[in-house]
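What follows is a single structure, written as C-alpha cells, with notes after it.
Bear in mind that the values in this text are calculations on the coordinates, not laboratory data. Owing to the predicted nature of the structure, the values given are computational and were not obtained by experimental measurement. Note that we place each Cβ from the backbone using ideal geometry, even for glycine, and neighbour counts take in every protein chain shown.
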Amino acid sequence: MGLTKSFMMALSSIINNKVRSLLTMLGIIIGIASVIILVSLMNGLTSEITSIFDDFGTTSLTTTITPRSTKELKPEELYDFVEQNPGLYANVSPSVSVSGEVKTPDSGDDTITSSATGVSEGYYDIKRVEMSFGRFISYADCENKSKVAVIGSYEATYFFGLSSKAVDETIRINGTPYTVIGVMEEKEDSTEGSSDDAIYIPYTTALQATGTNIISTYVVDAAADEVVDEAKEALENFLLGVIGDSDYYNVSSMKAIIDEMLEMLDTMELMLVAIAGISLLVGGIGIMNIMLVSVSERTREIGIRKSLGAKHKHIMTQFVMESGTVSCIGGVIGIVLGSSMAYVAGKLLGMEVAPSTGAIVVAFCVSVGIGIIFGFLPARKAAKLNPIDALRSD
Amino acid sequence: MPHLVELKDIYKIYHMGDSDVHALDGISLTIDKGEFVAIVGSSGSGKSTCMNIIGCLDVPTSGTYKLNGKDITNYTDNELAEVRNKMLGFIFQQYNLIPKLTVIENVQLPLLYGGVSDREQRQRAMAALRRVGLESKAKNLPAQLSGGQQQRVSIARALAGDPSVILADEPTGALDSKTGREVMRFLQQLNREGNTIILITHDNSIAARASRIVRVTDGKIVYDGPVEGDKNVALQAAAGRDEEG
Ligand SMILES: Nc1ncnc2c1ncn2[C@@H]1O[C@H](COP(=O)(O)OP(=O)(O)O)[C@@H](O)[C@H]1O
Ligand SMILES: [Mg+2]
C-alpha cells in the first residue's frame with residue numbers, strides 16, 4: 001500500500017470529521033502561529049537594532065584614557081600607531097566634549113543647551129557623516145584652531161529655519177562665535193536629543209575652549225568588521241605599553257556592544273519560543289487524545305480491516321498518517337496565520353517584519369513531527385487489537 | 001494431497017471467573033477442496049468459535065490446525081494476517097462493510113492489503129462486483145444499498161482475493177427469507193464453480209443447501225456426514241424440495 005494512498009485515506013477521514021479535525025488542529029495552529037509571530041518580531045527587532053548601530057559604524061573603537069601626571073598618551077603616538085597598522089585601522093579622531101549654551105548673535109535669550117564635540121577630519125569617515133550643505137571639518141581647521149562648526153539639522157532648523165540657510169551664519173557656544181561651515185543630513189526627525197542634535201568643531205578649538213591640552217577620548221576605526229576584535233586587542237596592547245597600567249584606559253568596541261545586545265535578544269527569543277513551544281506540546285497531547293478516541297470508535301473498522309489481511313504496519317500507517325496529516329495541516333494554517341499577523345504587527349510598529357524561511361521550514365517539520373510522535377501511541381494501540389475482539393465490538 | 005482444512009483435537013476454553021467454558025471441546029475435522037460444508041448447531045454450541053479458528057481470527061487453546069498442509073498453530077499475528085488475506089474470504093452475518101468507503105473501495109480492501117497494484121485492484125474488484133450483479137453500485141456507499149445487496153457486496157469482497165476457502169457465518173441471519181434464499185443459491189453456484197465453502201448456521205433449512213453437515217453440540221461434533229444422515233436437516237431438505245419443486 002503506497003504512501004499516497006494512505007495519505008488520501010487520511011485526508012478523506014479528516015474531511016469526514018471537519019469540526020473535530022479543526023478542533024484537534026487548534027492547539028497546533030495556535031502554537032505554530034505564536035512561534036512564527038515571535039520569531040518574525042524578534043527578527044524585525046534584531047535587524048532594526050543592527051541597522052541603527054550600523055549608522056554609527058560598527059567598526060569604531062572608543063578609547064577612553066584617564067588623565068594621569070606620570071604617563072600620558074600624546075596624540076601623535078596614537079596617530080603613528082594607527083598609520084603603522086593599515087591592516088587593522090582605517091582612521092582615528094580625538095573626541096573632546098564641550099558642553100554649554102548655544103545661541104546665535106541675534107537669538108538673544110533664546111538658547112539651547114547642547115554639547116559640541118571636538119573632532120578631527122577623520123571623524124567624517126568613522127561615523128559615516130553625511131552632509132546636506134557645506135563641508136565637514138578639515139585638517140587645516142584643526143591645524144589653525146579655526147572657530148568653525150558643523151551642525152545637525154536640529155540646530156540648523158532651530159536657529160535658521162532651514163538647513164540650507166545655516167551655512168556661513170554664526171553660532172555662539174558659551175559665548176565664543178563659530179562660523180557654520182556645514183549642516184548634516186537629517187537622520188531622524190530633527191528634534192532635541194535625537195541624532196540630529198549634534199555640533200562638531202575642530203578638536204584643537206575644543207581643547208582651547210575647555211582650557212586643557214589633554215585628550216581623554218579617541219575614536220579609532222577598525223579597517224573592517226572582521227578585524228574589530230583583533231584591532232581592539234592590538235590597541236589595548238599598545239596602550240598598555242604607553243600608559244603602563246590597564247586601569248587608566250578602556251577600549252570599548254561598538255561591535256561588542258551590538259553583539260552583546262544581539263545575544264541578549266537571542267536568549268529572549270529562545271525563551272519566548274520555548275514558552276510558545278509549550279502550546280505545541282499541548283496541541284500534540286490534544287492530537288493524541290483525539291486519536292485515542294478515534295481508535296476506540298473505529299475498533300470495528302480495524303477488526304474488519306484485520307480480518308481482510310491488514311497487517312500491523314498497515315494499521316499503524318493508517319493512524320500515524322492521519323495524525324501526521326491533521327498536525328501538518330494545522331501547521332500550515334499556523335504558518336499562514338502567524339506570518340500574516342506578524343506582517344500586520346510589523347506595519348503597526350513601523351518595522352520590517354518577516355518570518356525567515358528557516359523558521360517556516362522548522363515550524364512545518366515540527367508540526368509534522370508532533371503529529372507522528374503523538375499519533376504513534378494510539379496507532380500502536382489500534383494495530384495491536386485482536387481481530388476477533390475488534391470485530392465483536394460495536 | 002493434504003486436506004485443505006485439518007483440525008485436530010481443537011479446544012477453546014474461556015475462563016469465566018471460577019468456571020471454564022469449553023466453547024470447543026476436542027474437535028477434529030477435515031475439509032477438502034471443493035466441499036460445501038455446513039456447520040450447524042443451536043445458539044451457543046460453538047459454531048462461531050470454530051469458524052473463527054478456521055478463519056485464523058482466533059487461536060485455539062490447544063490442538064493443531066493445518067491449512068493446506070501447513071501447521072499454522074504457531075504463526076505470528078502478521079503471518080496470520082497474510083494467511084487471511086491470501087487464502088480466506090469471509091462473509092459475516094452483519095456484512096461488516098466499512099460505511100464511509102464506497103462499495104468498490106470495500107471490495108478492493110483485501111487486494112489493497114495483498115499489495116496488488118491500483119489498476120489491478122479496480123479491475124478485480126469490478127469483476128467481483130459483476131459476479132454478484134452489483135457493478136452499477138460500485139460508487140455507492142453501503143448505506144445506500146439494501147441488506148441483500150450489502151451481503152452481495154461482502155460476497156464480492158470475499159471473492160475478490162480469490163481465496164481457497166470461503167467462510168460464511170450466518171450469512172442469511174440478517175436477511176428476510178427470500179433474500180436469504182437468493183444468497184444461498186449464489187453460494188451453491190459458487191460451490192459448483194469449484195469454490196470451497198464453509199457455512200455456519202443454526203437454521204436447518206439453510207444447512208440443507210450444503211452437501212455435508214457437521215453438527216456441533218456443546219463444543220463437540222455429534223454428526224459429520226451427508227445431508228441425508230442428519231434427521232433435522234434431511235427433513236428440511238425434503239420440505240425445501242417440495243416447496244421449490
Ligand atoms: N469471548 C468469549 N468469552 C467467553 N465466552 C465466550 C466467548 N466467545 C464465546 N464464548 C462462549 O463460547 C460458547 C460458544 O460460543 P459461539 O461459538 O459464539 O456459539 P455459536 O456461534 O454457536 O452461537 C458460548 O457458550 C459462548 O458464551
Ligand atoms: Mg455464532
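With Cβ to Cβ distances under 14 Å as the rule, what net charge do the other residues near A:Thr113 carry (K, R +1; D, E -1)?
The answer is -4.
How about region A:1-98: which trypsin sites (Lys or Arg not before Pro) there lie in a loop by DSSP and see at most 11 other Cβ atoms within 10 Å?
Sites meeting the loop and neighbour criteria: A:Lys71.
Stokes-Einstein D for the protein assembly as shown at 37 °C, 0.692 mPa s, Kirkwood Rh over Cα pairs, in µm²/s?
In µm²/s, the coefficient is 101.
Counting other beta carbons within 10 Å of each residue's own, what order do B:Arg119, A:Arg392 fall into, fewest first?
Least to most surrounded, the residues fall as B:Arg119, A:Arg392.
Counting DSSP beta bridges in the protein assembly as shown, what percent are antiparallel, to the nearest 5?
Around 70 percent antiparallel, to the nearest 5.
For chain A, what is the mean residue ellipticity at 222 nm derived from helices alone (per DSSP H run of n ≥ 4: -39500 (n - 2.57); sum divided by total residues; nearest 500 deg cm²/dmol)?
Taken over chain A, the calculation gives -19500 deg cm²/dmol.
Using R₀ = 56 Å, calculate the FRET efficiency as 1/(1 + (r/R₀)^6) where r is the Cβ-Cβ separation of B:Ser62 and A:Asp247; round to 0.05.
For R0 = 56 Å, the calculated efficiency reads 0.05.
If you filter region A:147-230 for trypsin sites (Lys or Arg not before Pro), then keep DSSP loop positions with at most 13 other Cβ within 10 Å, what is left?
Hits after loop and neighbour filter: nothing returned.
How many nm is it between the label spots at B:Arg241 and A:Arg392, if each spot is 7 Å from the Cα in line with the beta carbon?
Reported label-point gap for B:Arg241 and A:Arg392 is 4.1 nm.
Would you mind getting the Kirkwood hydrodynamic radius of region A:195-234 from its Cα pairs, rounded to one decimal in Å?
When all Cα pairs of region A:195-234 are included, the Kirkwood radius is 12.9 Å.
With angles folded into 0 to 90 degrees, how steeply does helix A:18-56 sit against the dominant principal axis of chain A? Use alpha carbons for both and round to 10.
10 degrees
Give me A:Ile199, B:Ile155 sorted ascending by neighbouring Cβ count inside 10 Å, so fewest comes first.
A:Ile199, B:Ile155
With the alpha-carbon atoms as the only input, what is the per residue convex hull volume for region A:122-256 in Å³?
Looking at region A:122-256, the number lands at 140 Å³ per residue.
Percent antiparallel among DSSP beta bridges with both residues in region A:99-214, to the nearest 5?
If we restrict to bridges inside region A:99-214, about 65 percent are antiparallel.
Could you tell me the relative contact order of region A:63-202? Use alpha-carbon pairs under 8 Å, at least six residues apart, and round to a whole percent.
Answer for region A:63-202 is 25 percent.
Most mobile of B:Pro226, B:Pro99, B:Pro60 per a Gaussian network model of chain B (Cα springs, under 10 Å)?
Fluctuation is largest for B:Pro99.
In degrees, nearest 10, range 0 to 90: what is the angle between the Cα axis of helix A:254-297 and the longest Cα principal axis of chain A?
So the helix axis and the longest Cα principal axis differ by about 10 degrees.
Roughly what angle does helix A:3-16 make with the longest principal axis of chain A, taking Cα atoms, 0 to 90 degrees, to the nearest 10?
With rounding to tens, the tilt is 90 degrees.
Which aspartates and glutamates have a Cα less than 20 Å from the Cα of B:Lys178, not counting those fewer than 8 places away in the same chain?
B:Asp169, B:Glu170, B:Asp203, B:Asp242, B:Glu243, B:Glu244
For A:Ser120, enumerate residues with amide H under 5 Å from its amide H, sequence gap 5+ or separate chain, H modeled in the peptide plane.
HN-HN under 5 Å from A:Ser120: A:Tyr203.
Could you tell me the extents of region A:35-174's C-alpha atoms along the three principal axes, largest first, rounded to whole Å?
Principal-axis extents of the Cα atoms in region A:35-174, largest first: 58, 47, 28 Å.
Can you give the helix-only mean residue ellipticity at 222 nm for chain B, where every DSSP H stretch with n ≥ 4 adds -39500 (n - 2.57) and the sum goes over all residues, rounded to the nearest 500 deg cm²/dmol?
-11500 deg cm²/dmol
For region B:71-222, what is the per residue volume of the convex hull drawn over the alpha-carbon atoms, in cubic angstrom?
About 132 Å³ per residue, rounded to a whole number.
Which cross-chain or sequence-distant (5 or more) residues have an amide H under 5 Å from the amide H of B:Glu35, H modelled 1.01 Å from N in plane?
It is B:Ile197, by chain and number.
Compute the FRET efficiency between A:Asn237 and A:Thr210 as 1/(1 + (r/R0)^6), taking r as their Cβ-Cβ distance and R0 = 25 Å, and round to the nearest 0.05.
0.25
How would A:His314, B:His3 line up from fewest to most surrounding beta-carbon atoms within 10 angstrom?
B:His3, A:His314
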